[in-house]
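Below you'll find the structure, written out as structure tokens, and then a few comments.
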Amino acid sequence: RKCGEKGLLAPGKVPISRRSAHARLSAIIRDMADTVTLEASSLALKAAGLATAICVTKLVLVNFMQAAASVAAGARPPEDSAMLAQAGMGTQDGFKPPQDVKDSAKKAKRDAAWEWKRRVDRIQANDIENVPVGLVIIWAGVLCSQFPDLHAKLALGT
């Protein structure tokens, strides 16, 4: 039979009414919805959201620090030299520290800039390795924690 007729055909070819089919479908959907319901403490959600915001903000700030350190050290690619020279940021020597600086004051300044760049690069690499794993652990803890309020306090470090 077609859907517009008196009843629907079930897999066993037994006609059933629309009301019965709707009731069965509603029961199946209700049972499925019960199996995927997740509950979390509002305090744990707020703590995880705050921790996520802090981690993402730190990632963005470290990226800006890395860009500034690269420009200060002259470590941007050579194709950026024209753009940065117009902005008054000096020349860019590429990815290697300059070896031909004769003035000791300039050499000390360039060495300090390169050392700062290397440090910021290590900070950025550490963040790229650890922040995503930390976020997964924080959010898994929100959803799976037996003591969500304790988890929230630990996530915030209080």
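Rule-based calculations on the coordinates, nothing more; no lab input. Computed from a predicted structure; not experimentally measured. Note that each Cβ is placed from the backbone with ideal geometry, even for glycine, and that neighbours are counted across all protein chains shown.
How far apart, in nanometres, would the label points at residue 129 and residue 60 be if each is projected 7 angstrom from Cα along the Cα-to-Cβ direction?
Taking the two extended label points, one gets 2.6 nm.
If you stretched the chain out fully between residue 146 and residue 102, how much longer would it get, using 0.36 nm times the residue separation minus the C-alpha to C-alpha distance?
The residue 146-residue 102 span can extend by a further 9.4 nm.
In sequence order, what are the phi-derived ³J(HN,Hα) couplings for region 54-66 according to the Karplus relation 6.51 cos²θ - 1.76 cosθ + 1.60 with θ = phi - 60°, rounded to whole Hz, with x for glycine and proline?
5, 5, 5, 4, 4, 4, 5, 5, 5, 5, 5, 4, 5
Using the basic label-point model (7 angstrom from Cα toward the beta carbon), what is the residue 26 to residue 118 distance in nanometres?
About 7.1 nm, to one decimal.
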